[in-house]
1. With 22 Å as the limit, write out which pairs from Lys25/Lys152; Lys4/Lys167; Lys4/Lys25; Lys167/Lys217; Lys25/Lys167 have Cα-Cα distances beyond it, or answer none.
2. Can you give the local net charge around Ala176? Use residues other than it whose beta-carbon is closer than 13 angstrom to its beta-carbon, Lys and Arg +1, Asp and Glu -1.
3. Excluding residues on the same chain fewer than 8 positions from Lys13, give the aspartates and glutamates whose Cα lies under 20 Å from its Cα.
4. Compute the signed sum of charges (Lys and Arg +1, Asp and Glu -1) over the other residues within less than 14 Å, Cβ to Cβ, of Leu28.
5. Work out from phi, with θ = phi - 60° and the Karplus expression 6.51 cos²θ - 1.76 cosθ + 1.60, the ³J(HN,Hα) of each residue of segment 134-151, listed in order in whole Hz, and give x for Gly and Pro.
6. So for segment 3-225, taking the charge dipole from beta-carbon charges (+1 Lys/Arg, -1 Asp/Glu), which of Phe128, Met177, Ala118 sits furthest toward the positive end?
7. State whether segment 1-61 is rounded, prolate or oblate according to the following rule on the C-alpha gyration tensor (a ≥ b ≥ c being the square roots of its eigenvalues): a/c under 1.5 gives rounded; otherwise a/b larger than b/c gives prolate, and the remaining case gives oblate.
8. Starting from the Cα gyration tensor of segment 94-193, take the square roots of the eigenvalues, sort them a ≥ b ≥ c, and report rounded, prolate or oblate (rounded when a/c is under 1.5, otherwise prolate if a/b is larger than b/c, else oblate).
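Just so it is clear, none of the values below were taken in a lab; they were calculated from the coordinates. From a predicted model like this one, the values you see are computed outputs, not experimental measurements. Don't worry about glycine lacking a Cβ; one is built from the backbone with ideal geometry, like all the others, and counts go over all protein chains shown.
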Amino acid sequence: MSIKENLYLNFIKDDRYMYLLSGLKNTLLITIVAVVVGILLGFLLAYIRSTHDKTGKLKIPNLIAHLYITVIRGTPMVLQLLIVYFVIFASVNIPKIIVAFIAFGLNSAAYVAEIIRAGIMSIDEGQFEAGASLGFSYTQTMLYFILPQAIKNVLPALGNEMIVLLKETSVAGYIAMDDLTRGADIIRSQTYSAFVPLLMAAAIYLFFVLIFDRLVKKLERNLKSSDH
């Protein structure tokens, strides 16, 4: 079969390309929502963990945060997704995409928390003392002085986490979620041709990874230029 015939069979005939478009839409939506959830919850976890490390306060919240991060980082993403869908929401009729938002968001939060905590701990202790001498509380010093510097330091790592998250959404098919990978697999099951649809899905993932990487690098340059 020629390349032209392969493309027609896998994408044009019966509008099979719609499986990829629909899957891509869900993949990007899951990634974006999970990134937002991960950043918001990750900031909270990082604040709790770094505050305990620096002041010894928030012992119980730190214990919970540490346990949460350890469990999430120590177990496979696909198992977390299956537990959320088949255990936590087993008796609830909830859209699969909402389950994906929750599962991937909770997973991302654990990694974002450790990335941001590392950034906070890398800031010189004198910055906290300077904030206190100006009359700022610990939280105000953290918000106005420490976090902006920490984010600049860890921005490449946060960008990498977003890229990893985009690729991790490929396991959403385990709960019959129509993501990009599953869309390609559905085409393969109908045409019995694996190479073309799977290669196209891989190319689409690579395309968006490169876009995200470029956006992160551009933001990095803008942050550096703002320092001068």
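1. Working: Lys25/Lys152 30 Å; Lys4/Lys167 29 Å; Lys4/Lys25 26 Å; Lys167/Lys217 19 Å; Lys25/Lys167 14 Å.
Distance filter (> 22 Å) returns Lys25/Lys152; Lys4/Lys167; Lys4/Lys25.
2. Values: positive: Lys96, Arg182; negative: Asp178, Asp179, Asp185.
Local charge sum for Ala176: -1.
3. Glu5, Asp178, Asp185
4. On the way: positive: Lys25, Lys167; negative: Glu168, Asp178, Asp179.
Residues close to Leu28 contribute a combined charge of -1.
5. Once θ is set to phi - 60°, the couplings for segment 134-151 become 8, x, 7, 6, 4, 5, 5, 4, 4, 6, 8, 10, 7, 4, x, 5, 5, 5 Hz.
6. Working it through, the farthest residue towards the positive pole turns out to be Phe128.
7. Numbers: a/c = 8.26, a/b = 4.85, b/c = 1.71.
Verdict is prolate for segment 1-61.
8. On the way: a/c = 5.66, a/b = 3.16, b/c = 1.79.
It comes out prolate by the Cα gyration axes.
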